[in-house]
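First the structure, in the form of structure tokens, and then the observations on it.
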Amino acid sequence: MVTKKSNPNKQSAAASGIKVVSQNRKARHDYDIVQTFEAGLELKGSEIKSIRLGKAQIRDSFVRIDGNEAWVYQAHIPPYDFAHGFGSHDPDRPKKLLMHRDEIDELAVRTKLQALTIVPLSIYLKNGRAKMEVCLAKGRKAYDKRAAIAQRDVQRDTQRELANARKR
């Protein structure tokens, strides 16, 4: 039986209390990530229950600063199966992001002055609370996307060759 040795410097997601619910993989392909932020989500009871079941989708969502508050739009959280009538919610309603005032101000200023957008990267549970990782990002052109894919392939090949060389 082969056992895999873990790196003592890295914490696993389970040990740190983080459970990733949804990721926006398309964002990492379409944008260059400049800076990331962690934000809480203001949710209704049926929404957090759906998130705890792992049901959330943020592929086409975006963040906008309205009236000194950060809001995420088009983040789809389906209704909780057992919440009917009074307890249910609109799955596509805008959700308020809970961030520090200086972080919201920084996002607002940098999106106005630079050609940056605010993109949600993932929704996760951290110690039982729903969090969203948002980032300041710069859009990529088509040739930039191809170059990033080529660079990632070269890096993967070199890692594979180094692993094969260590085995020998």
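For Lys138, state whether it is touching a strand residue (DSSP E or B) at 6+ places or on another chain (Cβ under 8 Å) and either basic (Lys, Arg) or surrounded by fewer than 17 Cβ atoms within 10 Å (Cβ to Cβ) (or both).
yes
Name the one entry in Lys141, Lys145 that is free of Cβ contacts under 8 Å to residues at least 12 places away in the same chain and not β-branched (Val, Ile, Thr).
Being free of Cβ contacts under 8 Å to residues at least 12 places away in the same chain and not β-branched (Val, Ile, Thr) holds for just one of Lys141, Lys145, which is Lys141.
If you check Pro91, Pro120, Pro79, which single one turns out to be in contact with a strand residue (DSSP E or B) (Cβ under 7 Å, 6 or more places away or on another chain) and part of a loop (DSSP other than H, G, I, E, B)?
Testing whether each residue is in contact with a strand residue (DSSP E or B) (Cβ under 7 Å, 6 or more places away or on another chain) and part of a loop (DSSP other than H, G, I, E, B) leaves just Pro91.
Of all residues in region 14-38 being in contact with a Lys or Arg (Cβ under 7 Å, 6 or more places away or on another chain) and under 15 Å from Arg129 (Cβ atoms), which is modelled with the lowest pLDDT?
Checked region 14-38; the qualifying residue modelled with the lowest pLDDT is Gly17.
Only strands (runs of 3 or more DSSP E) wholly contained in region 16-69 count here; list those with 1 or more residues that are surrounded by fewer than 21 Cβ atoms within 10 Å (Cβ to Cβ) and touching a residue at least 60 places away in the same chain (Cβ under 8 Å).
Here the list reads 18-23, 31-41.
The values are calculated or read from the model by the stated rules, or taken from the named source; none is laboratory data. Note that this is a predicted model, so its numbers are computed, not measured. Positions of Cβ are backbone-derived with ideal geometry, glycine not excepted, and every protein chain shown enters the neighbour counts.
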